[in-house]
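What follows is a short report on a single structure.
Read-outs throughout are calculated quantities, based only on the coordinates presented, and are distinct from any laboratory measurement. The structure presented is a predicted model; accordingly, all values stated were derived computationally and were not measured. A quick note on method: Cβ atoms are made from the backbone with ideal geometry, for glycine too, and the neighbour counts reach across all protein chains shown.
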There are 2 protein chains.
Amino acid sequence: MEMDRTYNFNPGPAALPLEVLEQGRDSFIEFAGQGMSLLEMSHRSKPVERMIAETEQLLLELIGLEDAGYRVLFMSGGASAQFALLAMNLLTAGKAGRYVLAGSFSEKAYEEALTVGAAEVLASGKEAGWARLPSIEVALTALTEEDTAYVHVTTNNTIEGSQFKTFPDTGGIPLIGDMTSDILSRKIDWTRFAMFYAGAQKNLGPAGVTAVVIREDLLAASAAAKIPAIFRYATYASNNSLYNTPPVHSIYMMKLMLEWTARQGGVAAMETRSAEKAALLYEAIDGSGGFYRGIVEKPDRSAMNATWRLPDESLEKAFAQEAQAAGFAGLAGHRSVGGIRASIYNGVPVEACRALAGFMNDFRKRRG
Amino acid sequence: MEMDRTYNFNPGPAALPLEVLEQGRDSFIEFAGQGMSLLEMSHRSKPVERMIAETEQLLLELIGLEDAGYRVLFMSGGASAQFALLAMNLLTAGKAGRYVLAGSFSEKAYEEALTVGAAEVLASGKEAGWARLPSIEVALTALTEEDTAYVHVTTNNTIEGSQFKTFPDTGGIPLIGDMTSDILSRKIDWTRFAMFYAGAQKNLGPAGVTAVVIREDLLAASAAAKIPAIFRYATYASNNSLYNTPPVHSIYMMKLMLEWTARQGGVAAMETRSAEKAALLYEAIDGSGGFYRGIVEKPDRSAMNATWRLPDESLEKAFAQEAQAAGFAGLAGHRSVGGIRASIYNGVPVEACRALAGFMNDFRKRRG
Ligand SMILES: Cc1ncc(COP(=O)(O)O)c(C=O)c1O
Ligand SMILES: Cc1ncc(COP(=O)(O)O)c(C=O)c1O
Ligand SMILES: [Mg+2]
Ligand SMILES: [Mg+2]
Ligand SMILES: [Mg+2]
Ligand SMILES: [Mg+2]
C-alpha cells in the first residue's frame, strides 16, 4: 500500500504517517471496548477525558514543559481564530500588541488585532518582499512592560518559506508565537514564549483543532477579559478543554501524531530529519547553476517550506504539472508568491525529499 | 458486528449509523483516487472544495431551502461559539437581542450575548423549573423592528427534554434558532427563521463542526460588523467556508450523515421514526403507574430527549447502572436535572428504543 502513495508536499492539511492514519481509522467503529465508535462517545466519558488529558501531557513532555507552569488548550477555529482571540484575551487597555511582520500570516494576525484594540508593527520584512527576516532584537530595546501587552512573532512563514532561528529574551513582556507550521520540528527555548499556538494541520495531525500552549500568568489575565466565556483562554484551562463539546476525534489524531513523534525520537529526531530533508531540496536549488532560485535569503530559509522560482512562469507551470504527473503533489507556490513550494513537515519522509530532489535535477537537465 | 454494539443513548456526541461510520473510516487511507487520505488533502483542492459545496447543497435540499436565499456556513467552536458570534455579528447599536429562555442552553446563549451588547429576556420557563415552555407568541406582540435586533429560541432543550412544536411569524424581526439537538428530525417551516445553527454532534455527525444556515440579508448585516474577519458570517459565505482551513473530515462526516438521512427518506422519514421512538419511551413512562414520572409536561415533551424520574435517587442510580450493565449507555440525566435522560437522535434505531422500553418495564416489575 505504501508504494502507491503520492509524495505529498501539501502546505497543510499535509502528509501524515501512514501508521497514524491507520490508528485513527481503527477508532471509527469501536473504541476502548465500549461497543461504540470514538465519534459516538460522550466528551465527558472517562475514556475521552483521559485521552484529552494524555494529549496535553504528551505535548508538554515533547517540548519539555511539564511542571513548568504551562497548560495546553485544545481550541477550534484554526490558527486564524487565535489571531483574534489572543488580542481579545490579552490586549489590555493602555497597552499595544506589537507585531513582527515577516510574511502574510503575520500580517493577518496584526490586522485581526487591529479590529480588537491597539496593535502596532514592531518590525517588518515587507519592504524586502519577505525575502529577509526583520531583526526583532533591535526593535525590542525601545519597549517597556507598561506600553506593550505582548510581542507576536510567526516563527515559520509558511507561504514565503522563511523561519526565525533564534528568539529574543523579552523579559517581562510576553512573547507570543504562531508556530502553526514548525511546532515540534526543532529544539528551541520554549520558555522564551509566554504563549504559542499551532493549527494542527501541519505537524500535529489533520485539520480541526488548534493547540494553545499558555503560561499560567496569561491565563489569569485572560480570566479578567470582558469577552464571551467561550472565547476566554481561562475557560478552556479551568475546564480541561471540556467547557463545551471539543473536536474529539481531531484531538485523538493529535495524540496519535504526538505518540508517533515520540516514537521517532521526539523533537531532537525531528530536527535532524528536517535538516536532512531541507538540505536535499536546497542542495538541488543551489547546485542548479541558477536554474532554480531560492525565494528567501539563505540564512533565513525555512526547514519546513522550501520556496523557489524557475527562469519563467511557464517553466514553473510545467514543473508543477510534470511533478504532479510523476507522483509529487502540492508543489505549486502560494498564489501570492508564485513559483514552487515544497512543504516538508514532520509527516513527510526523507525518501519523498530525495525523490523530489532527483526529479528537480532531472527536470533541470531536460529543460534548463 | 452490529449485534455487539451498545444501545447508545448519549446526549451528544451521540449514536451514528454504522454505515456512516464505515464510510467515514474508508476515507482515512485513500480518498478520491489521489494516493492520499482525505485528511492529507489541501482544503483548496478540487475534491475537497467539491465535497464542501455538495454538503451545503445536501443540507439545503433536505430542508427545502435551495434557491430560497439561504447559505450554509461550516464553522468551528461548537454551538456555544454561536452564542457569542450571533451577538457579535447581529447585535446592532440601539437594538436588543431578545431571548426565549426554555432551558439551560438558552440561558447560556443569553448570558454570552450580554458580554457583547444589549440582550433581554423575552419569555422564560425558568420559574416553572423548565417543565413547561414559555409562550413566545404573547411576548412578541410588544416588539418592533426598531428595538429588536433578533429573537433567539432554542428549538429543543437537550438537558431538560422539552421541544417547541410551532414557531411564530416574527415579521421583519429575524428569528434565530439553536437547533443543535433537533435539526432534521421533523418538518417545520424553516423560512420562519432568518438563521439557525446546530453543532454537528447530534443529528449531523460527530463533533467538530457547526452548521449555520443564514439568510442573505443577515449576511449583509454581518459584513458591516466591526469584528475580526474570522468571526464574521459574511467571511464564511463569501469564501464558501474556505477562508481558512476548515475541519475537513468533520464536514465530510456531515455529508455522509446527510446522505444517509436522504436515503432513509429525508426529514419526513426522520419525523415518523422520531415519533415512533419517542412513543415507545413515553408509553413506558405513562404506563408505569407513576413509577416513572416525565419531567416535562406532556404537550411540551421532546421527541429527541426523553427525561424522567424514578421514586427516589437511589432507584435512579440503580436504573442507570443496571441499564449500563445490560448494554444501554448514556442514560444518566444531566447533573443539573438528575433522573434519567434517553437521547434518541436520528442515528438511534427504533430497535434501541424498543429494547429500552422493555428494560424499563422489566426494571419496574422488579423494583416498583
Ligand atoms: C503560520 C500560519 N499561521 C496561521 C495559519 C492559518 O491557519 P488556519 O487555516 O488553521 O486558520 C497558517 C495556515 O497555513 C499558517 O501557516
Ligand atoms: C441545544 C444546544 N445548544 C448548544 C449546545 C452546546 O453545543 P457545543 O457543545 O457544540 O458548544 C448544546 C450541546 O449539547 C445543545 O444541546
Ligand atoms: Mg506567513
Ligand atoms: Mg482548529
Ligand atoms: Mg437547553
Ligand atoms: Mg463545531
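Each residue of the stretch B:119-129 was assigned a 3J(HN,Hα) from its phi angle through the Karplus expression (A = 6.51, B = -1.76, C = 1.60, θ = phi - 60°), giving 10, 9, 7, 8, 7, 9, x, 5, 5, 7, x Hz with x at Gly and Pro.
Set the Förster radius R0 to 30 Å, insert the Cβ-Cβ distance between B:Asp169 and B:Thr92 as r into 1/(1 + (r/R0)^6), and round the FRET efficiency to 0.05. Walk me through the numbers before you get to the answer.
On the way: r = 22 Å, r/R0 = 0.73.
After rounding, the FRET efficiency stands at 0.85.
Taking a point 7 Å from the Cα of A:Glu322 along the Cα-to-Cβ direction, the residues of the stretch A:340-360 with backbone N closer than 17 Å to it are A:340-341, A:355-360.
Treating r as the C-beta distance of B:Ala355 and B:Ala268 and R0 as 22 Å, the FRET efficiency rounds to 0.30. Each part reduced to its alpha carbon centroid, the stretch B:179-219 and the stretch A:4-36 end up 29 Å apart.
Using only helices, what value at 222 nm comes out for chain B when you add -39,500 (n - 2.57) per DSSP H run of length 4 or more and divide by the total residues, to the nearest 500 deg cm²/dmol?
On the way: 11 runs with 137 residues, N = 368.
Value at 222 nm, helices only: -11500 deg cm²/dmol.
Sorting the Cα pairs of the stretch A:89-245 by distance into bins of 10 Å, from 0 upward, gives 10, 39, 39, 11, 1 percent per bin. Residue order for A:Arg232, B:Arg366, fewest other beta carbons within 10 angstrom first, comes to B:Arg366, A:Arg232.
For the residues of A:17-28, the average number of beta carbons from a partner chain within 10 Å of their own beta carbon is 4. Each residue of the stretch B:235-248 was assigned a 3J(HN,Hα) from its phi angle through the Karplus expression (A = 6.51, B = -1.76, C = 1.60, θ = phi - 60°), giving 4, 5, 5, 6, 10, 6, 6, 10, 5, 10, 6, x, x, 4 Hz with x at Gly and Pro. Total lysine pairs in the stretch A:105-240 at Cα distances under 27 Å, for residues eight or more apart or on different chains: 10. Of B:Ser80, B:Ser302, B:Ser37, which is the most mobile in a GNM of chain B whose springs link Cα atoms less than 10 angstrom apart? Maximum fluctuation in the GNM of chain B, among the listed residues, is at B:Ser37. Taking every residue in B:195-203 and counting other chain Cβ atoms within 10 Å of its Cβ, the average works out to 1.
Counted over the protein assembly as shown, the DSSP beta bridges are approximately 55% antiparallel. Using alpha carbons only, the radius of gyration of the stretch B:1-46 set against its Kirkwood radius gives Rg/Rh = 1.14.
When the Cα centres of the stretch A:120-144 and the stretch A:240-254 are compared, how far apart do they sit, in Å? So the separation of the two Cα centres works out to 36 Å.
Place a +1 charge on the Cβ of each Lys and Arg in the protein assembly as shown and a -1 charge on the Cβ of each Asp and Glu, then give the dipole magnitude about the Cα centre in debye, rounded to the nearest 20.
About 300 debye.
Would you mind computing Rg(Cα) / (2.2 N^0.38 Å) for the protein assembly as shown, counting N as its residues? The partial results should precede the final answer.
On the way: Rg = 26.5 Å, N = 736, 2.2 N^0.38 = 27.0 Å.
Ratio of Rg to 2.2 N^0.38 Å for the protein assembly as shown: 0.98.
In this calculation the C-beta distance from B:Tyr243 to B:Ala32 is compared with R0 = 30 Å, giving a FRET efficiency of 0.85. Converting phi to 3J(HN,Hα) with the Karplus coefficients 6.51, -1.76 and 1.60 and the offset θ = phi - 60°, the stretch A:211-222 yields 8, 10, 9, 9, 7, 5, 5, 6, 4, 4, 4, 5 Hz in sequence order, with x at every glycine or proline.
Taking label positions 7 Å along the Cα-Cβ direction at both B:Glu313 and B:Lys365, the computed distance is 3.1 nm, reported to one decimal.
Expressed in nm to one decimal, what extension gain is obtained for the pair A:Glu146 and A:Arg293 from 0.36 nm per residue of sequence separation less their Cα-Cα distance? Present the calculation step by step, with values, prior to reporting the outcome.
On the way: separation 147, 0.36 × 147 = 52.92 nm, distance 4.43 nm.
The span from A:Glu146 to A:Arg293 would gain 48.5 nm if fully extended.
Determine the percent antiparallel among the DSSP beta bridges restricted to chain B, to the nearest 5.
Among the beta bridges of chain B, antiparallel pairing accounts for roughly 55 percent.
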